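Encoded as C-alpha coordinates, the structure appears first; notes follow it.
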Amino acid sequence: MVGERIPISVLTGFLGSGKTTVLRHLARQGVLERTLVLVNEFGEVGLDHHLLTPIDDDTLVAVDSGCICCTIRADLVQTLTEAPWRYARNGERWFDRVVIETTGIADPAPILQTIMGDPAVEKLYALAGVLTVVDAVNGAATIDRHLEAAKQVAVADRILLTKTDLLAASPTALIQKLNQVAPSATVSSIVDGKAEVDWFFASGMYSLLGKSADVEAWLQSELIAQASHAHDHEEEHDPNRHGRIQASCLTFSEPVDAALFESCLQLLLQFRGPDLLRVKGIVNVAGMDRPMVIHGVQHVFHPPEVLEKWPGAERQTRIVVIARDLDHAEIRACFAGMGLEPD
(Lines give C-alpha, C1' and ligand atoms only; values in the text may rest on other atoms or scores of the structure.)
Protein backbone atom coordinates (compact mmCIF):
# COMPACT_ATOMS: atom_id res chain seq x y z
CA MET A 1 0.00 0.00 0.00
CA VAL A 2 0.97 3.62 -0.49
CA GLY A 3 1.22 4.29 3.27
CA GLU A 4 2.68 7.70 4.07
CA ARG A 5 3.87 8.32 0.55
CA ILE A 6 1.87 10.59 -1.76
CA PRO A 7 0.13 8.63 -4.55
CA ILE A 8 0.79 9.63 -8.16
CA SER A 9 -1.57 8.83 -11.01
CA VAL A 10 -0.07 9.11 -14.50
CA LEU A 11 -2.55 10.11 -17.19
CA THR A 12 -1.20 9.30 -20.64
CA GLY A 13 -2.49 8.70 -24.14
CA PHE A 14 -1.59 9.71 -27.68
CA LEU A 15 -2.10 13.15 -29.21
CA GLY A 16 -5.75 14.20 -29.20
CA SER A 17 -7.05 11.20 -27.30
CA GLY A 18 -8.86 13.37 -24.75
CA LYS A 19 -6.64 13.59 -21.66
CA THR A 20 -7.30 17.28 -21.03
CA THR A 21 -11.05 16.71 -21.43
CA VAL A 22 -10.91 14.06 -18.71
CA LEU A 23 -9.11 16.42 -16.32
CA ARG A 24 -11.60 19.19 -17.03
CA HIS A 25 -14.45 16.83 -16.17
CA LEU A 26 -12.82 15.84 -12.88
CA ALA A 27 -12.26 19.50 -12.04
CA ARG A 28 -15.91 20.31 -12.67
CA GLN A 29 -16.86 17.50 -10.30
CA GLY A 30 -14.90 19.28 -7.58
CA VAL A 31 -12.61 16.32 -6.83
CA LEU A 32 -9.24 17.94 -7.55
CA GLU A 33 -9.11 20.40 -4.66
CA ARG A 34 -6.39 18.42 -2.90
CA THR A 35 -4.72 17.17 -6.09
CA LEU A 36 -1.57 18.70 -7.56
CA VAL A 37 -1.89 18.50 -11.34
CA LEU A 38 1.31 18.52 -13.42
CA VAL A 39 0.76 19.08 -17.14
CA ASN A 40 3.52 18.46 -19.68
CA GLU A 41 3.10 19.60 -23.28
CA PHE A 42 5.09 19.07 -26.44
CA GLY A 43 6.63 22.15 -28.01
CA GLU A 44 7.85 25.49 -26.72
CA VAL A 45 4.33 26.95 -26.66
CA GLY A 46 1.77 24.98 -24.66
CA LEU A 47 -1.99 25.49 -24.64
CA ASP A 48 -3.54 22.65 -22.65
CA HIS A 49 -2.82 24.13 -19.22
CA HIS A 50 -4.59 27.34 -20.34
CA LEU A 51 -7.68 25.31 -21.22
CA LEU A 52 -7.95 23.67 -17.80
CA THR A 53 -9.84 26.71 -16.52
CA PRO A 54 -11.92 24.83 -13.92
CA ILE A 55 -8.68 24.07 -12.04
CA ASP A 56 -7.36 26.73 -9.67
CA ASP A 57 -4.13 28.40 -10.76
CA ASP A 58 -2.20 27.24 -7.69
CA THR A 59 -3.37 23.64 -8.21
CA LEU A 60 -2.08 23.38 -11.76
CA VAL A 61 1.61 23.32 -12.66
CA ALA A 62 2.83 23.38 -16.26
CA VAL A 63 6.01 21.30 -16.34
CA ASP A 64 8.56 22.87 -18.71
CA SER A 65 7.48 22.44 -22.31
CA GLY A 66 9.16 19.70 -24.25
CA CYS A 67 8.85 15.94 -24.24
CA ILE A 68 8.92 14.83 -20.62
CA CYS A 69 10.23 11.41 -21.61
CA CYS A 70 13.45 12.67 -23.08
CA THR A 71 14.42 16.19 -22.08
CA ILE A 72 13.18 17.10 -18.64
CA ARG A 73 13.25 14.08 -16.39
CA ALA A 74 15.56 16.03 -14.10
CA ASP A 75 12.96 18.80 -14.03
CA LEU A 76 10.28 16.26 -13.16
CA VAL A 77 12.37 14.98 -10.27
CA GLN A 78 12.99 18.53 -9.08
CA THR A 79 9.32 19.48 -9.40
CA LEU A 80 8.14 16.45 -7.42
CA THR A 81 10.75 16.63 -4.68
CA GLU A 82 10.27 20.37 -4.16
CA ALA A 83 6.48 20.37 -4.55
CA PRO A 84 5.52 19.87 -0.87
CA TRP A 85 7.20 23.13 0.13
CA ARG A 86 7.34 25.04 -3.18
CA TYR A 87 3.56 24.89 -3.58
CA ALA A 88 2.78 24.98 0.13
CA ARG A 89 -0.15 27.00 1.46
CA ASN A 90 0.38 28.79 4.74
CA GLY A 91 3.61 26.86 5.12
CA GLU A 92 1.98 23.42 4.85
CA ARG A 93 1.57 20.82 2.14
CA TRP A 94 -2.02 21.00 0.94
CA PHE A 95 -2.21 18.19 -1.66
CA ASP A 96 -2.87 14.52 -0.92
CA ARG A 97 -2.21 13.17 -4.40
CA VAL A 98 -0.64 14.08 -7.74
CA VAL A 99 -1.81 13.66 -11.32
CA ILE A 100 0.78 13.87 -14.11
CA GLU A 101 -0.67 14.45 -17.56
CA THR A 102 2.02 13.54 -20.10
CA THR A 103 2.41 14.94 -23.56
CA GLY A 104 0.73 12.82 -26.21
CA ILE A 105 3.94 11.52 -27.77
CA ALA A 106 5.60 10.61 -24.49
CA ASP A 107 7.21 7.22 -24.08
CA PRO A 108 5.82 6.31 -20.64
CA ALA A 109 8.69 4.02 -19.63
CA PRO A 110 11.19 6.71 -18.54
CA ILE A 111 8.44 8.57 -16.70
CA LEU A 112 7.40 5.50 -14.72
CA GLN A 113 10.99 4.51 -14.06
CA THR A 114 11.72 8.02 -12.76
CA ILE A 115 8.79 7.84 -10.33
CA MET A 116 9.56 4.31 -9.16
CA GLY A 117 13.34 4.34 -9.38
CA ASP A 118 14.64 7.78 -8.41
CA PRO A 119 15.51 7.58 -4.68
CA ALA A 120 14.46 11.16 -3.90
CA VAL A 121 11.10 10.73 -5.63
CA GLU A 122 10.45 7.23 -4.31
CA LYS A 123 10.96 8.45 -0.76
CA LEU A 124 8.06 10.90 -1.07
CA TYR A 125 5.77 9.33 -3.66
CA ALA A 126 4.27 6.03 -4.78
CA LEU A 127 3.02 5.28 -8.28
CA ALA A 128 -0.64 4.47 -7.69
CA GLY A 129 -1.73 3.86 -11.25
CA VAL A 130 -1.38 4.54 -14.96
CA LEU A 131 -4.46 5.58 -16.89
CA THR A 132 -4.25 5.60 -20.67
CA VAL A 133 -6.74 7.44 -22.84
CA VAL A 134 -7.38 5.88 -26.26
CA ASP A 135 -9.23 7.57 -29.11
CA ALA A 136 -11.81 5.06 -30.40
CA VAL A 137 -11.76 6.62 -33.88
CA ASN A 138 -8.00 6.57 -34.47
CA GLY A 139 -6.80 4.23 -31.72
CA ALA A 140 -6.15 1.03 -33.68
CA ALA A 141 -4.19 2.75 -36.46
CA THR A 142 -2.29 4.89 -33.97
CA ILE A 143 -1.16 1.87 -31.94
CA ASP A 144 0.04 0.16 -35.14
CA ARG A 145 1.85 3.24 -36.40
CA HIS A 146 3.40 4.73 -33.25
CA LEU A 147 5.44 2.73 -30.75
CA GLU A 148 4.79 5.40 -28.10
CA ALA A 149 1.04 4.78 -28.36
CA ALA A 150 1.52 1.02 -28.03
CA LYS A 151 3.69 1.54 -24.95
CA GLN A 152 1.12 3.90 -23.42
CA VAL A 153 -1.49 1.15 -23.70
CA ALA A 154 0.81 -1.67 -22.57
CA VAL A 155 1.76 0.01 -19.27
CA ALA A 156 -1.83 0.91 -18.35
CA ASP A 157 -3.74 -0.30 -15.32
CA ARG A 158 -6.93 1.23 -16.68
CA ILE A 159 -7.85 2.38 -20.18
CA LEU A 160 -10.33 5.13 -20.98
CA LEU A 161 -11.82 4.61 -24.44
CA THR A 162 -13.05 7.98 -25.70
CA LYS A 163 -15.09 9.24 -28.68
CA THR A 164 -17.12 6.04 -29.02
CA ASP A 165 -20.07 8.30 -29.84
CA LEU A 166 -18.36 9.15 -33.15
CA LEU A 167 -18.28 5.51 -34.28
CA ALA A 168 -20.87 3.96 -36.55
CA ALA A 169 -20.34 0.51 -35.00
CA SER A 170 -19.17 -1.03 -31.74
CA PRO A 171 -15.40 -0.79 -31.11
CA THR A 172 -15.12 -4.55 -30.59
CA ALA A 173 -12.00 -4.97 -32.72
CA LEU A 174 -10.21 -2.11 -30.97
CA ILE A 175 -11.07 -3.50 -27.53
CA GLN A 176 -9.68 -6.88 -28.58
CA LYS A 177 -6.45 -5.16 -29.66
CA LEU A 178 -6.27 -3.31 -26.33
CA ASN A 179 -6.76 -6.58 -24.46
CA GLN A 180 -3.89 -8.13 -26.42
CA VAL A 181 -1.50 -5.25 -25.78
CA ALA A 182 -2.59 -4.73 -22.14
CA PRO A 183 -4.10 -8.01 -20.93
CA SER A 184 -4.42 -6.91 -17.29
CA ALA A 185 -5.95 -3.47 -17.93
CA THR A 186 -9.65 -2.78 -17.53
CA VAL A 187 -11.31 -0.80 -20.33
CA SER A 188 -14.04 1.76 -19.77
CA SER A 189 -15.82 3.64 -22.56
CA ILE A 190 -16.56 7.28 -21.81
CA VAL A 191 -18.03 10.26 -23.68
CA ASP A 192 -16.97 13.90 -23.21
CA GLY A 193 -14.27 12.88 -20.73
CA LYS A 194 -16.80 11.76 -18.09
CA ALA A 195 -14.59 9.34 -16.19
CA GLU A 196 -15.86 7.93 -12.90
CA VAL A 197 -13.93 9.52 -10.05
CA ASP A 198 -13.58 6.34 -7.95
CA TRP A 199 -12.50 4.39 -11.00
CA PHE A 200 -9.94 7.03 -11.96
CA PHE A 201 -8.44 7.23 -8.49
CA ALA A 202 -8.53 3.54 -7.62
CA SER A 203 -6.46 2.81 -4.52
CA GLY A 204 -3.38 0.64 -4.38
CA MET A 205 0.03 0.66 -6.02
CA TYR A 206 1.16 0.17 -9.58
CA SER A 207 2.14 -3.39 -10.33
CA LEU A 208 3.74 -5.18 -13.26
CA LEU A 209 1.68 -8.28 -12.47
CA GLY A 210 -0.26 -9.36 -15.53
CA LYS A 211 1.46 -6.93 -17.88
CA SER A 212 3.41 -8.07 -20.91
CA ALA A 213 7.07 -8.97 -20.59
CA ASP A 214 7.85 -5.98 -22.78
CA VAL A 215 6.82 -3.56 -20.03
CA GLU A 216 9.37 -4.87 -17.56
CA ALA A 217 12.01 -4.90 -20.29
CA TRP A 218 11.29 -1.25 -21.16
CA LEU A 219 11.54 -0.19 -17.54
CA GLN A 220 14.78 -2.11 -17.05
CA SER A 221 16.20 -0.53 -20.20
CA GLU A 222 15.35 2.93 -18.88
CA LEU A 223 16.98 2.14 -15.55
CA ILE A 224 20.21 1.26 -17.34
CA ALA A 225 19.97 4.34 -19.57
CA GLN A 226 19.40 6.67 -16.63
CA ALA A 227 22.27 5.17 -14.71
CA SER A 228 24.66 5.66 -17.62
CA HIS A 229 23.19 8.99 -18.79
CA ALA A 230 22.94 7.39 -22.20
CA HIS A 231 19.40 8.40 -23.21
CA ASP A 232 19.32 9.46 -26.85
CA HIS A 233 17.77 12.86 -26.15
CA GLU A 234 19.54 14.00 -23.02
CA GLU A 235 21.69 16.64 -24.73
CA GLU A 236 20.89 19.50 -27.09
CA HIS A 237 17.30 18.46 -27.66
CA ASP A 238 14.93 20.59 -29.74
CA PRO A 239 11.80 21.02 -27.56
CA ASN A 240 9.67 21.22 -30.71
CA ARG A 241 10.85 17.91 -32.15
CA HIS A 242 10.48 14.25 -31.21
CA GLY A 243 12.00 12.11 -33.95
CA ARG A 244 10.06 12.85 -37.14
CA ILE A 245 7.26 14.49 -35.19
CA GLN A 246 7.50 18.24 -34.81
CA ALA A 247 5.42 21.05 -33.29
CA SER A 248 4.82 24.43 -34.88
CA CYS A 249 3.05 27.39 -33.29
CA LEU A 250 1.34 30.20 -35.21
CA THR A 251 0.07 33.41 -33.61
CA PHE A 252 -2.22 36.09 -35.00
CA SER A 253 -2.41 39.42 -33.17
CA GLU A 254 -5.57 40.67 -34.89
CA PRO A 255 -8.99 38.97 -34.58
CA VAL A 256 -9.60 36.50 -37.41
CA ASP A 257 -12.58 35.95 -39.67
CA ALA A 258 -14.21 32.67 -38.64
CA ALA A 259 -15.09 31.46 -42.14
CA LEU A 260 -11.67 32.30 -43.55
CA PHE A 261 -9.92 30.64 -40.63
CA GLU A 262 -11.97 27.47 -41.11
CA SER A 263 -11.04 27.45 -44.81
CA CYS A 264 -7.36 27.59 -43.84
CA LEU A 265 -7.77 24.62 -41.53
CA GLN A 266 -9.56 22.61 -44.21
CA LEU A 267 -6.78 23.42 -46.68
CA LEU A 268 -4.19 22.29 -44.14
CA LEU A 269 -6.12 19.07 -43.60
CA GLN A 270 -6.33 18.47 -47.34
CA PHE A 271 -2.59 18.88 -47.88
CA ARG A 272 -1.23 17.05 -44.83
CA GLY A 273 -3.87 14.37 -44.21
CA PRO A 274 -2.79 11.57 -41.86
CA ASP A 275 0.53 13.25 -41.09
CA LEU A 276 -1.39 16.01 -39.32
CA LEU A 277 -1.42 14.36 -35.90
CA ARG A 278 -2.82 17.22 -33.83
CA VAL A 279 -4.14 20.75 -34.25
CA LYS A 280 -5.26 22.72 -31.22
CA GLY A 281 -5.74 26.38 -30.68
CA ILE A 282 -7.43 29.24 -28.92
CA VAL A 283 -8.89 31.68 -31.43
CA ASN A 284 -9.82 35.34 -31.17
CA VAL A 285 -12.76 35.47 -33.60
CA ALA A 286 -13.76 38.84 -34.99
CA GLY A 287 -17.02 40.00 -33.42
CA MET A 288 -16.79 37.68 -30.38
CA ASP A 289 -15.79 38.70 -26.87
CA ARG A 290 -15.00 35.15 -25.79
CA PRO A 291 -12.33 32.78 -27.15
CA MET A 292 -13.06 29.82 -29.37
CA VAL A 293 -11.13 26.58 -28.88
CA ILE A 294 -10.48 24.24 -31.80
CA HIS A 295 -9.34 20.61 -31.72
CA GLY A 296 -8.33 18.43 -34.63
CA VAL A 297 -6.94 14.89 -34.59
CA GLN A 298 -5.61 13.54 -37.87
CA HIS A 299 -8.56 13.65 -40.30
CA VAL A 300 -11.19 14.65 -37.71
CA PHE A 301 -11.93 18.20 -36.59
CA HIS A 302 -14.27 18.38 -33.61
CA PRO A 303 -16.92 21.10 -33.24
CA PRO A 304 -15.36 24.27 -31.81
CA GLU A 305 -15.96 25.17 -28.18
CA VAL A 306 -16.51 28.67 -26.83
CA LEU A 307 -14.93 29.30 -23.42
CA GLU A 308 -16.67 31.39 -20.79
CA LYS A 309 -13.70 33.73 -20.62
CA TRP A 310 -10.11 34.15 -21.79
CA PRO A 311 -7.73 32.08 -19.64
CA GLY A 312 -5.20 34.92 -19.37
CA ALA A 313 -4.47 38.51 -20.32
CA GLU A 314 -3.42 37.71 -23.89
CA ARG A 315 -6.06 37.95 -26.62
CA GLN A 316 -4.04 36.72 -29.58
CA THR A 317 -4.93 33.64 -31.58
CA ARG A 318 -2.52 30.76 -30.89
CA ILE A 319 -2.50 27.58 -32.94
CA VAL A 320 -0.25 24.58 -32.29
CA VAL A 321 0.21 22.11 -35.15
CA ILE A 322 1.88 18.77 -34.47
CA ALA A 323 2.71 16.75 -37.54
CA ARG A 324 5.06 14.18 -38.95
CA ASP A 325 7.80 15.69 -41.16
CA LEU A 326 6.35 19.13 -40.53
CA ASP A 327 7.54 22.14 -42.53
CA HIS A 328 6.93 25.31 -40.53
CA ALA A 329 7.21 27.49 -43.64
CA GLU A 330 4.63 25.34 -45.39
CA ILE A 331 2.19 25.73 -42.50
CA ARG A 332 2.64 29.50 -42.48
CA ALA A 333 2.18 29.66 -46.25
CA CYS A 334 -1.06 27.71 -45.98
CA PHE A 335 -2.59 30.47 -43.84
CA ALA A 336 -0.87 33.38 -45.59
CA GLY A 337 -2.07 32.16 -48.97
CA MET A 338 -5.65 32.48 -47.77
CA GLY A 339 -5.12 36.02 -46.51
CA LEU A 340 -4.29 35.31 -42.86
CA GLU A 341 -0.67 36.34 -42.29
CA PRO A 342 0.79 34.91 -39.07
CA ASP A 343 2.87 37.17 -36.80
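Given the structure, is Val153 under 20 Å from the mean Cα position of the chain (by Cα) and of a type outside the set (D, E, K, R)?
Criteria met by Val153.
Let me confirm something: among Leu209, Leu124, which residue is open to solvent by 40 Å² or more (accessible area, probe 1.4 Å), at pLDDT below 90 and over 22 Å from His302 (Cα atoms)?
Going through Leu209, Leu124 in turn, the sole match is Leu209.
Picking from Val306, Val320, which residue would you name as being farther than 26 Å from Ala106 by Cα and touching a Lys or Arg at 6+ places or on another chain (Cβ under 6 Å)?
Details: Val320 fails: farther than 26 Å from Ala106 by Cα.
Among Val306, Val320, only Val306 is farther than 26 Å from Ala106 by Cα and touching a Lys or Arg at 6+ places or on another chain (Cβ under 6 Å).
Any residue in the stretch 178-195 that is in contact (Cβ under 8 Å) with a residue 40 or more places away in the chain and farther than 11 Å from Ala156 by Cβ sitting within a Cβ distance under 9 Å of a residue that is buried (at least 21 other Cβ atoms within 10 Å of the Cβ) and of a type in the set (D, E, K, R)? List the pairs, counting only those 6 or more apart or interchain.
Short answer, once both residue conditions are applied: Gly193/Lys19.
Can you pull out every residue in the stretch 129-147 that is within 29 Å of Ala83 (Cβ to Cβ), buried (at least 24 other Cβ atoms within 10 Å of the Cβ) and touching a Phe, Trp or Tyr at 6+ places or on another chain (Cβ under 7 Å)?
Listed by number, the residues that qualify are Val130, Leu131.
Here's a check for you: in the stretch 21-51, which residue that is buried (at least 24 other Cβ atoms within 10 Å of the Cβ) and at pLDDT below 85 is farthest from Glu92 (Cα to Cα)?
Within the stretch 21-51, the match that is farthest from Glu92 (Cα to Cα) is Phe42.
For the stretch 82-117: of the residues being in a loop (DSSP other than H, G, I, E, B) and within 25 Å of Ala150 (Cβ to Cβ), which is most open to solvent (accessible area, probe 1.4 Å)?
To start, the set of residues in the stretch 82-117 that are in a loop (DSSP other than H, G, I, E, B) comprises 87-88, 90-91, 93-96, 102-107.
Still in the running and within 25 Å of Ala150 (Cβ to Cβ): 102-107.
On the way: Thr102: 3, Thr103: 6, Gly104: 4, Ile105: 0, Ala106: 0, Asp107: 27 Å².
It comes out as Asp107.
Please determine, by comparing only the residues of the stretch 258-308 that are in contact (Cβ under 8 Å) with a residue 12 or more places away in the chain and among the acidic types (Asp, Glu), which one is least open to solvent (accessible area, probe 1.4 Å).
Once the filter is applied, the top-ranked residue is Asp275.
Residues being farther than 20 Å from Ala213 by Cβ and among the hydrophobic types (A, V, I, L, M, F, W, C): count how many of those fall in the stretch 146-177.
9
Taking Leu166 as the residue in question, decide whether it is over 20 Å from the mean Cα position of the chain (by Cα) and touching a residue at least 60 places away in the same chain (Cβ under 8 Å).
yes
For the stretch 171-188, name all the residues that are within 18 Å of Thr142 (Cα to Cα) and among the small types (Gly, Ala, Ser).
Of everything in the stretch 171-188, those that are within 18 Å of Thr142 (Cα to Cα) and among the small types (Gly, Ala, Ser) turn out to be Ala173, Ala182.
Residue check, Ala109 against (1) more than 18 Å from the chain's Cα centre (by Cα); (2) more than 29 Å from Glu33 (Cβ to Cβ), all met but one. Which one?
Of (1) more than 18 Å from the chain's Cα centre (by Cα); (2) more than 29 Å from Glu33 (Cβ to Cβ), only one is false for Ala109: (1).
Could you grab me the full set of residues in the stretch 316-328 that are within 14 Å of Leu250 (Cα to Cα) and either without any contact (Cβ under 8 Å) to a residue 40 or more places away in the chain or not aliphatic (A, V, I, L, M) (or both)?
Passing the criteria: Gln316, Thr317, Arg318, Asp327, His328.
Considering only residues that are open to solvent by 20 Å² or more (accessible area, probe 1.4 Å) and touching a strand residue (DSSP E or B) at 6+ places or on another chain (Cβ under 7 Å), which ones fall in the stretch 4-17?
Taking the stretch 4-17 as the starting set, the residues that turn out to be open to solvent by 20 Å² or more (accessible area, probe 1.4 Å) are 4-5, 7.
Passing the criteria: Arg5, Pro7.
Looking only at the stretch 142-164, count every residue that is closer than 21 Å to Val300 by Cβ and touching a strand residue (DSSP E or B) at 6+ places or on another chain (Cβ under 9 Å) and tell me the total.
Count: 13.
The values are calculated or read from the model by the stated rules, or taken from the named source; none is laboratory data. Only a predicted model underlies this, so the values are computations on that prediction, with no experimental measurement involved. Because the Cβ atoms are built from the backbone with ideal geometry, glycine has one as well, and the counts that use them run over all protein chains shown. Heads up: the accessible areas ignore ligands, DNA and RNA and are worked out on the full protein's heavy atoms, side chains in. Shrake-Rupley method; radii C 1.70, N 1.55, O 1.52, S 1.80 Å.
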